1. If only one of ILE214, ILE134, ILE205, ILE184 is within 28 Å of VAL324 (Cβ to Cβ) and open to solvent by less than 10 Å² (accessible area, probe 1.4 Å), which one is it?
2. Here's a check for you: in segment 139-180, which residue that is more than 24 Å from LEU14 (Cβ to Cβ) and of a type in the set (Val, Ile, Thr) is farthest from the chain's Cα centre (by Cα)?
3. Does THR125 satisfy being among the β-branched types (Val, Ile, Thr) and within 16 Å of the ligand (Cβ to nearest atom)?
4. May I ask you to say which residue of LEU242, LEU282 is touching a residue at least 60 places away in the same chain (Cβ under 8 Å), under 14 Å from ILE16 (Cα atoms) and out of contact with any Cys (no Cβ under 9 Å at 6 or more places or on another chain)?
5. Among the residues of segment 117-128, what is the count of those that are within 15 Å of the chain's Cα centre (by Cα) and either open to solvent by 20 Å² or more (accessible area, probe 1.4 Å) or touching a residue at least 60 places away in the same chain (Cβ under 8 Å) (or both)?
6. Name the residues in segment 137-163 that are of a type outside the set (Asp, Glu), open to solvent by less than 60 Å² (accessible area, probe 1.4 Å) and within 15 Å of the ligand (Cβ to nearest atom), would you?
7. Would you confirm, using the coordinates I've provided, whether ALA287 is of a type in the set (A, V, I, L, M) and open to solvent by 40 Å² or more (accessible area, probe 1.4 Å)?
8. With respect to the numbered conditions (1) closer than 30 Å to LYS185 by Cα; (2) under 26 Å from the mean Cα position of the chain (by Cα), which one is the sole condition not fulfilled by ASP307?
Amino acid sequence: MKRLLSGLQPSGELTIGNYCGGIRQFLQYQKEYDSFLFVPDMHTITVPQANPELIRERIRRFANLYLACGLDPQNCTFYIQSEIPAVNQLTWILECHTYMGELSRMTQYKSKSEKQTNVGCGLFTYPVLMAADIILYDSNVVPVGIDQKQHVELARDIAVRMNNRYGDLFVVPEPIIAKVGAKIKDLQDPTKKMSKSNEDPMGTIFLLDSESDIKKKINRAVTDNDGYVAFDEEKKPGISNLITIYAALSGTPMQEAIDHFTGMTRYGDFKKEVLEVIYETLRPIQAEYQKLSQSDYVDTILDQGRDRANEIASKKYDLVRKAVGFGR
Ligand code: AQP
């Protein structure tokens, strides 16, 4: 069975953007692949984090949310990145085979480093850690939103380079990008991506937001003064984003969603339909999350996942270590 792998870093609370670009694809593919879904806690400290305790809480919350969204331990191996020592060990070897120029071209590095004064080296080398996350397990496919496509392409390049130099060590992974919802935009500034760590919470809908907060956020979502609904990402980014959210969450084909809304003149009615689809998506997730978070079930799942992931990862690392000439 081919392997699928992805993770969502606990750098903030999970958003409907993360759901549309990441989790939703996992739900779609989990039965087709041997699926690995991890919490990349080590990625979180690439930007300053004020509170280590909050990271720990989020790790647990994310793992519970993966389960609450419907990802099934029968199909998926769940684990926490920092519990797999081989990923660090492999990262060092891969860093020595990655070029400064390649990392300098990463757009996420450029945009995140602009927001900081003292940029940590980890933010620069983080795509190599992500490459190690992926190729350590011989992952065939990596479902991601558009923003992460460049990092998966780098992982491919590194895998190919290592294979050319040392023989067939790694499977070369492919990104899978959702047809709809691969880049959900911020509700307050629909020219930029909705992100966990965006400063203005009004622009972001979190999976655990209350219905009253979601209502406020959708009602205040930026649209335009044209007075009609139409899909045009350049001229009407706010409206187009809301149509995309509706299509992605309801599973309606994009063209059908566009046809459904085009020509509506009352933005309030349009937003009400979008709101309803968000509620319908999040209600069962939140209910399941409440149950799971009151039990220790997630620990059992994470322990099992850690053991399986470590077994595969340490074998692969051993092969790579020998191939590059380490040890006696
Ligand atoms: N707005 C989005 N629309 C669609 N997909 C998205 N993803 C993120 N934002 C959107 C996808 O969710 C997964 C999570 O990736 P990550 O946690 O490694 O980090 P990220 O891409 O940097 O996500 P965020 O939410 O923007 O986090 P911060 O604010 O910490 O940087 C990936 O598949 C991503 O593509």
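The values are calculated or read from the model by the stated rules, or taken from the named source; none is laboratory data. Since the structure is predicted, the reported quantities are computational estimates derived from the model, not experimental observations. Methodologically, a virtual Cβ is constructed for each residue, glycine included, from the backbone with ideal geometry; neighbour enumeration extends over all protein chains shown. What goes into the accessible areas is simple: the full protein's heavy atoms, side chains included, and nothing from ligands, DNA or RNA. Shrake-Rupley method; radii C 1.70, N 1.55, O 1.52, S 1.80 Å.
1. On the way: ILE214 fails: within 28 Å of VAL324 (Cβ to Cβ); ILE205 fails: within 28 Å of VAL324 (Cβ to Cβ); ILE184 fails: within 28 Å of VAL324 (Cβ to Cβ).
ILE134 is the lone residue from the list that is within 28 Å of VAL324 (Cβ to Cβ) and open to solvent by less than 10 Å² (accessible area, probe 1.4 Å).
2. Going residue by residue through segment 139-180, those that are more than 24 Å from LEU14 (Cβ to Cβ) are 140, 153-154, 156-172, 174.
Now narrow it down to the ones that are of a type in the set (Val, Ile, Thr): 158, 160, 171-172.
Details: ILE158: 21, VAL160: 24, VAL171: 21, VAL172: 20 Å.
So the residue we want is VAL160.
3. Details: among the β-branched types (Val, Ile, Thr): yes; within 16 Å of the ligand (Cβ to nearest atom): yes.
In short, yes.
4. On the way: LEU242 fails: touching a residue at least 60 places away in the same chain (Cβ under 8 Å).
From the options LEU242, LEU282, the qualifying one is LEU282.
5. At the first step, the residues of segment 117-128 found to be within 15 Å of the chain's Cα centre (by Cα) are 126-127.
Checking which are either open to solvent by 20 Å² or more (accessible area, probe 1.4 Å) or touching a residue at least 60 places away in the same chain (Cβ under 8 Å) (or both) leaves us with 126.
Going through segment 117-128 one residue at a time, the tally reaches 1.
6. Within segment 137-163, SER139, VAL141, VAL142, PRO143, VAL144, GLY145, GLN148, GLN150, HIS151, VAL152, LEU154, ALA155 meet the criteria.
7. yes
8. (1)
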